[in-house]
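Peer 1: Sharing a structure, written as structure tokens. Questions coming.
Computed from the coordinates by the stated procedures, all read-outs in this text should not be read as laboratory data. Because the structure is a prediction, the values reported are computed rather than measured. Here the Cβ is made from the backbone with ideal geometry for all residues, glycine too, and neighbour counts use every protein chain on show.
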């Protein structure tokens, strides 16, 4: 495994990922349900040790958020789409006359950043009625199983427009 680009070969710093350290500490305190000093100490120890141990698996320190408006817009779109998809799937499942026509949809994408690709696949899977089944990084495709897509090309175009475009803005 190659060393992370933000450090010299093999160098590990105790606070290389301060946000992760803070997240581990906060999570520990929430899980304990107490603010006793012993929990602060254990949370701090875990917050320092876990990121240090995971150093080789973390690609780079978090980059500053440069596209906060795009992130907020994408979050709103995804939440709205999840609500709409829940209602659509409920209608399909509860209507005995409705016969869904499941289909495979190939979504070509132009994302470069692996985090953006994973996030796109995750968003697709979180939306009821669709599941990301295969992420082909070499061909830049995601194979999606849709419960009742109607027009598969329209579904792929909608995914690119609603999710890929903002992800390209976020991840560059």
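Peer 1: Say R0 is 30 Å: what FRET efficiency, to the nearest 0.05, do residue 134 and residue 97 get from their beta-carbon distance?
Peer 2: Efficiency for this residue pair is about 0.40.
Peer 1: Under a 10 Å cutoff between Cα atoms, tell me which one of 88, 106, 21 has the largest fluctuation in the Gaussian network model of the chain.
Peer 2: 21
Peer 1: Related question: When only C-alpha pairs under 8 Å and at least 6 residues apart count, what is the relative contact order of the chain, in percent?
Peer 2: The normalised contact order for the chain reaches 22 percent.
Peer 1: Further question: Could you work out the equivalent-ellipsoid semi-axes for the chain, taking the square root of 5 times each eigenvalue of the Cα gyration tensor, largest first, in whole Å?
Peer 2: Semi-axes (√(5λ), whole Å): 38, 22, 14.
Peer 1: Let me ask something else about it. Only helical DSSP H runs with n ≥ 4 go in: add -39500 (n - 2.57) per run for the chain, normalise by residue count and round the 222 nm mean residue ellipticity to 500 deg cm²/dmol.
Peer 2: Helices in the chain give a 222 nm mean residue ellipticity of -16500 deg cm²/dmol.
Peer 1: Continuing with the same structure: Give me the Kirkwood hydrodynamic radius of the stretch 127-172 in Å, from all C-alpha pairs, to one decimal place?
Peer 2: 11.6
Peer 1: On alpha-carbon atoms, Rg over Rh for the stretch 70-126 using Kirkwood Rh?
Peer 2: In the stretch 70-126, Rg relative to Rh is 1.07.
Peer 1: If R₀ is 22 angstrom, what is the calculated FRET efficiency for the pair residue 41 and residue 79, using the beta carbon separation as r and rounding to 0.05?
Peer 2: Taking R0 as 22 Å, the efficiency between residue 41 and residue 79 is 0.05.
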